[in-house]
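The values are calculated or read from the model by the stated rules, or taken from the named source; none is laboratory data. Please read all numbers here as calculations on a predicted model, not as lab measurements. Neighbour counts are summed over all protein chains in view; Cβ atoms, including those assigned to glycine, are modelled from backbone coordinates with ideal geometry. These accessible areas exclude ligands, DNA and RNA; they are computed on the full protein's heavy atoms, side chains included. Shrake-Rupley method; radii C 1.70, N 1.55, O 1.52, S 1.80 Å.
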Amino acid sequence: MLAGGTDNQLVHAVALLGAAVVLVPLFRRLGLGSVLGYLTAGLLVGPFGLGWFTDPEAILHLAELGVVMFLFVVGLEMEPSRLWSLRQYILGLGLLQTVVSAAALTALGWLTGLPLAVAFVGALGFTLTSTAIVMQLVAERRDMTPIAGQKIISVLLLEDLLLVPLLALVAWMAPDHGHVEASHAWLPALKGLAALVALLVAGRWLLNPLFRILAQSKVREVLTAGALLVVLGAAVLMQLGGLSMAMGAFIAGVMLSESSFRHQLEADVEPFRGLLLGLFFLGVGMALDVATVKAHWAYILVGVLGMMLVKGIGIYVVARLTRSDHDEALQRASLMALGGEFAFVLFAAATAGNVMTAAQNATFTAAVVLSMAIAPLVEIAVRKLAGTRATAPPPAASDVPEGLSGSVLMIGFGRFGQVVSQPLLARDVEVTVIDTDIEMIQAASGFGFRIYYGDGTRLDVLEAAGAARAQVIAVCVDSRATVDRILDVALHEFPQARWIVRTYDREHSREVVGKGVSFHVRETFESALAFGTLTLRKLGVSSRETKRIADVVRAGDAKRFEQEIAGVDWATAGSDVFVRRSQPVPLTPPRHPSQPLNQQAEMATRAKP
């Protein structure tokens, strides 16, 4: 909530945005990362800073939707087959790391004089790592291998899954847990199972038909609303079942990961995800209780550093035992040695059940928030002290798909694009196609094409479809205006790719070249040239002569086009007529009306250029 009257609410909201806009770029420029910038901005405007906001918990509750949307996007990238391939990391590595961290932190708390139950709950809260902060830090690193990132994601997923069992464990630890009737103990588990089954059923049979209907409406806002409905609906359903909202969004993302709409959905959700995730970091900064830290600063500071050190050592040991090298183990330990937002839920449940006191709750909460605030600094310090690599290592041979000779993003899959794809697929080139024709997408998907629904004129859609990683971007749409919009929006945003563009006519080709495109193909030139040479063949001209004529016309057209680019007006604007009567292509002598076709063919064979 905002301090002061309602007249000041807009001013305070502007101040909140201003603090983020100023501090986040500044911290990134200083090499401290965007997360620390958000946290500092939140602390500055929060109740323990300038006091413009007095209820950070309300902001955190809203900002949790940023974490929800973040995990939805992660789920979109996690196809079921890929998720199944990570099962050994999730159930093996994730469970082992969680158990080791919880045991080590519990021992640390108990040795410092805390009651065993309090030490255990505090350890659980610190064991559950902040998904939002860790994934943001991972995104900002450039030296992490894909395998290392997959292991971190696997551990975070397991920790999200453990929230409900841990809440049940905390409730069981309450002194009055025995008053709960045993006959009702199974109800929470049954509700959670029912919510999960309902979500899986909806994802399997309802989501794709829903988005096909929305896409056919051709209203962009409706499709965006549908994406938000799926994310928030899945989150609410899982919350009603007593499960994690973020886990519900993740499952919805996984269910849609093989859908034709995945890239469009990711692009639609991305702006909301970024804003709400930033708001979440701001809320965490506001939640840092400076008064509690001042009152117990020595205990909290030593406790935070001690818990981060113990947890980091435990993660490092587990990583080494599971055959990770030193750099990867150190990366994971430095990134994950912090508490998380789920700790607030556990501590609140423990306080409500009289497992810990309100003062202990405040102290542990301050410690967790402080660990989240200094985590970016710890990660930077460990990286610099360890001298880890600053650039990404070359991918291992096992990480590179076999049989691929390149990657192509194709925009448009009409009659032209379908023909273009054939030689690429015959060579096992990795081709990703985006189009807005629902019927075409359904038909092509039945033949195994990797084709997705997406508007190629939107930069966010192209980014979601992998344009930043593509070696070639092929624009195959049949609308001249659409081609121009695509080039205006995205041509200079993906400099690593070679652009090949389908153009309408010579005038359009000149405009495209003027925009900076090096490779273009007029949509009717080669087919019309083939038509003309076929006509000559049917008139009895030899194949050798027709090929020679085609080469002469093609070379002349290319030369005239180069001169037109240089400023010489050779052809009528907008026309593909390239041979004028005043300057004919040197052909063989015409046939005399009385001369048989076979004699003309013989003359054509002997004719010279």
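In this structure, the amide hydrogen of Met410, modeled 1.01 Å from its nitrogen in the peptide plane, lies closer than 5 angstrom to those of Thr432, Val433, Ile434, Ala474, counting only residues at least 5 positions away or on a different chain. Counting only the Cα atoms, the range 11-98 fills a convex hull of 155 Å³ per residue. Between the alpha-carbon centres of the range 16-56 and the range 291-311 there is a gap of 22 Å.
Please work out the average accessible area per residue across the range 302-373, using the 1.4 Å probe convention, and give it in Å². Present the calculation step by step, with values, prior to reporting the outcome.
On the way: 2570 Å² over 72 residues.
Heavy-atom accessible area per residue stands at 36 Å².
Beyond 13 Å, how much of the Cα-Cα pair distribution for the range 507-546 remains, as a whole percent? The partial results should precede the final answer.
Working: 473 of 780 pairs.
I get 61 percent for the Cα pairs in the range 507-546 exceeding 13 Å.
Diffusion coefficient of the range 28-148 by Stokes-Einstein, Kirkwood radius over Cα pairs, 25 °C, 0.890 mPa s: 139 µm²/s.
With bins 5 Å wide beginning at 0, the percent of Cα pairs of the range 93-146 falling in each bin runs 4, 20, 19, 17, 16, 11, 7, 5, 1. The residues of the range 228-279 have, on average, 31 Å² of accessible surface per residue, using a 1.4 Å probe with all protein chains present. Roll a 1.4 angstrom probe over the protein heavy atoms and tell me the percent of accessible area of the range 35-140 that is carbon or sulfur. Looking at the range 35-140 in its full context, I get 70 percent from C and S. The packing ranking, built from the mean of other Cβ atoms within 10 Å per residue, places the peptides 316-329, 148-161 in the order 148-161, 316-329, highest first. Across the range 149-159, computed HN-Hα scalar couplings (Karplus, 6.51 cos²θ - 1.76 cosθ + 1.60, θ = phi - 60°) run x, 5, 5, 5, 4, 4, 5, 5, 5, 5, 4 Hz from first to last residue, x flagging Gly and Pro.
How do the peptides 129-137, 198-206 rank, highest first, by the average count of neighbouring beta carbon atoms within 10 Å per residue?
On the way: 129-137: 25.2, 198-206: 14.3.
Going from most to least packed, we get 129-137, 198-206.
A simple spin-label model places pseudo-atoms 7 Å from Cα toward Cβ; at Ala481 and Ser527 they are separated by 2.2 nm.
Partners of Lys151 within straight-line reach, counting lysines whose Cα lies under 23 Å from its Cα and excluding those fewer than 8 residues away in the same chain: Lys311, Lys384.
When the Kirkwood hydrodynamic radius is evaluated over all pairs of different C-alpha atoms of the range 303-343, what value in angstrom, to one decimal, is obtained?
Values: mean 1/r = 0.0968 Å⁻¹.
Evaluated on the range 303-343, it is 10.3 Å.
One equal scatterer on each Cα of the range 237-348, no solvent, Debye formula: the resulting log10 I(q)/I(0) at q = 0.20 Å⁻¹ is -1.18.
Can you run the Rg to Rh ratio on the range 435-478? Use alpha carbon positions and the Kirkwood inverse-distance Rh.
Values: Rg = 11.0 Å, Rh = 11.4 Å.
Reported Rg/Rh, Kirkwood definition of Rh: 0.97.
Taking the 1.4 Å solvent-accessible surface of the range 260-321 as the whole, the part contributed by carbon and sulfur is 76%.
Computed over the Cα atoms of the range 282-389, the ratio of the radius of gyration to the Kirkwood radius (Rg/Rh) comes to 1.03.
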